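The values are calculated or read from the model by the stated rules, or taken from the named source; none is laboratory data. Because the structure is a prediction, the values reported are computed rather than measured. Here Cβ is always computed from backbone atoms with ideal geometry, including for glycine, and neighbour counts include all displayed protein chains.
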Amino acid sequence: MAAVIVGRPGMGKTTFAGAALDAARARGFTVYAGRGHGAGLPSLVATRLAGDMQIGEAAGAEPTALIRAIGQRVHSLVRAERPIALCFEDIHGYHPTDLALVQELALWSPPESTLLLLTSEAGVPGSEQLLAEIENVRGLHRLELGPLTVAEATDLIAETAPFGAVTRRFVRDALELTSGEPLRLIDLLRVIHELPAAMRDQIVSGSRTLQALPLPSEMARARARVYDRLDGERCDLVRALATWGAPGTAEALAYLLEVPMDAAEATAIQLEADGVIRSFDAGGRIAFALADPLAGLALATGIPALERRRMHARAAAFLDLHDGTVGENPTLAARHYLSAMMPLDRRRTDVVLAAARRLIDRSRFATAGELLEALLSRLAGEHVPPDLYVLLAETLARSGSWQDARRMLDRVGGGEVTALLRSARDLVALGRETQALSLYRSMLADESIDAVSRIDAGIDGAWTQHMVGHPQESERSAREAAELAEIIERPDLVASARMTLSAKHLMGAHSTRALMEARIAARSAWRSRNPATVARATSVVGNAIADVRPLNRGLRWLERAHREAEACEDYPTLSGIAVRLATAYLETGKWRAAEQMAASAMHVDASLHRIRSLRRSRAVMSLLHALQGVTDPLDSRLDDTFVGNERFGGPAITIPDLVARFEHQLLTGALEHASVTIEKAHAVLVDTAGWDRSLVLDVLPRMHLVYARLGDDERLRGTLDEFEALGERVEGLRVTEPLLLHGRSRLRAAAGSWHLAHDLAERAAERFHALDYRWRGALARLDAGDYAASA
């Protein structure tokens, strides 16, 4: 048998070949490896191989004699019935003498008892001719190692680095920086693993881009060494491209180097022929990029400071000619303006602020924060636009620096609407909803604020009002915001207001109305052509459909929304959708998918310091563990941040936490503690109007369960009466009926009416399965079996 592993450097050919040889050795093969590694010296491989085979005449022997002696040794081993594995690495760099050795062994060694394993780069004439001859004579298995796919890179990251869940965009960024080469990716992961924990979390979540990765000096020198052979114009162009920091056109590179464009193009063509750079079409123009982006990043860090600043200044001047809008990289112009140490006029300042806003929209909070801090430092307190402080406050809050964020907002001064909105949102994030509501009301009472700010305050205020139990006031605020958004023709804001109305109706168990508002929101979102708004609207439609139709229909919408949010890098939205998907997967019995979604949401919430959302995503993960009979340290930490403030975040956050604790107490047999916990959840929902859906789905069924196990017939009957009364107010939440049937079966079982209890439980199971609630259906069928056994 003969096989060749083909791929460019860094693809793992040596690692793959080593694993194959280990497997051969374990099966009794005698293994010999020819080691030349492209040295190109005459007879180097043959001499080393002869030495390994302990051929006495190896030293100083003529090449033909060496080849003859090695061939004789191979044939003698074969005659002794000892299978042999011969490995020759990097044959594309072999001297013709050593290629002759490989040819001799490949063509004349018996294929049934000899394994020949080769590694090579593709397209090298001498080695390709040899491979063709081997294939013609004895057959050749060819394995091409190409760049890693996203799935392969995700698996490699999971095996190599203990980062926990990583975002898909981090995987994509890492693949782009390492050109998809496994060994480079592993080196990159080692660098990231050695970073401080906070920076590491920012990178693997994608909050900080890999372009700002601090490379260790030894690694930077080793990576940049691939450019040591370049000189003159070729070296200058590569340094210019590394400093530019993105794919660059010949026009841009010529401007940086202060040479004619024809000269820059000619040099780029030479470098592309040597494999140093690559070219591609960029909107009808040819752009160039470094073939090894990681080496380019290393090269850029090693350029002397004065030369680097001069090139940044040239880049900034070039961007000034194009209004700072060249390319799709949002940080390109901002980075050059700040690195060039040029005076920052209002136009350049606006370019940096616009770049920061775009990064924030894509949840790149850490990178945006670095830009804004550099801008603030450069402005030195003179003519600082208020938006800079507001944007910086948001990035600081997303990094967990709440006090610094507060100080930034204090520097804006009173009356600035954007600062008031940011302050209110931070108050909500910290669990101070009442104070936030006061701010929202003061903004809405101010007749002088602009329409967009009024709409934003109305939408945010509406959801906060619903969180604290004022559903009528919430609906009024959201409708006023939607009407004003229609007047000023802002479909994105219309969609946001309608989404708030839909969520309010959904939580109130008015699912039909929720679906109607969700569809209006979706139409407005599609008109807005804003991908993040479309993703949120799609998820709202999915939530409503999941209540009024079989669950799997809503699940498909939610999965689509998750893909859309990931594509536009709206990670706060992605986290919320992932939590909803986790609970939906739980109901449909897809436990592994549910855990993956919960882990993803936890990772995003932790890295972006979304402490309200983190409590919810941790609770969902803990719930999944409990339902699978597993208790771990995560579950004991559930309430560590919220001791003394159990109602932090309102029912949307509190109820999942209490439900998870209930299930763990039930798991350990602590029924009395479990009843106290679920009664706390019940009290929260009774005290907070507008959250009937949580009563129906999460709380009352668990109260039925624990009272039935405790044998407390009176409380069981009381909660069932409450459920029946609540069921008359529910609108469109189809799972209410089987939940009620299941509750009635428990009451009949408590009274000893086993046959009736069995029939009710079976009917509940059938209805659950028809609605895709397979987990609840399984529980109902389990109860039906117990009742049948007791009859």
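Overview of values
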read-out: Condition met for A485 (assigned to a helix (DSSP H, G or I), under 30 Å from the mean Cα position of the chain (by Cα) and surrounded by 19 or more Cβ atoms within 10 Å (Cβ to Cβ)); value: no
read-out: Failed item, numbered, when V730 is tested on (1) at pLDDT 95 or above; (2) farther than 20 Å from H673 by Cα; value: (1)
read-out: Residue ID - nearest to A689 (Cα to Cα), chosen from residues in the range 427-472 that are basic (K, R) and in contact (Cβ under 8 Å) with a residue 12 or more places away in the chain; value: R441
read-out: In the range 83-118, residue surrounded by the most Cβ atoms within 10 Å (Cβ to Cβ) [restricted to those that are closer than 18 Å to H141 by Cβ and of a type in the set (G, A, S)]; value: A106
read-out: Where a residue in the range 249-272 is in contact (Cβ under 8 Å) with a residue 12 or more places away in the chain and farther than 15 Å from H322 by Cβ and its partner, wherever it lies, is of a type in the set (S, T, N, Q) and in a helix (DSSP H, G or I), with Cβ under 9 Å and at least six apart; value: L257/T267; V259/T267
read-out: The range 767-789: number of residues that are crowded, with 16+ Cβ neighbours inside 10 Å and either closer than 18 Å to L697 by Cβ or not hydroxyl-bearing (S, T, Y) (or both); value: 15
read-out: Condition met for R82 (in the same structural domain as A26 (by TED's automatic domain parsing), closer than 25 Å to D22 by Cβ and modelled with pLDDT of 70 or more); value: yes
read-out: Residue selected from the range 350-367 under the condition free of Cβ contacts under 8 Å to residues at least 40 places away in the same chain and closer than 14 Å to L332 by Cβ, by the criterion nearest to the chain's Cα centre (by Cα); value: L359
read-out: Leading residue by the ranking (nearest to A300 (Cα to Cα)) among those in the range 185-230 that are basic (K, R) and part of a loop (DSSP other than H, G, I, E, B); value: R229
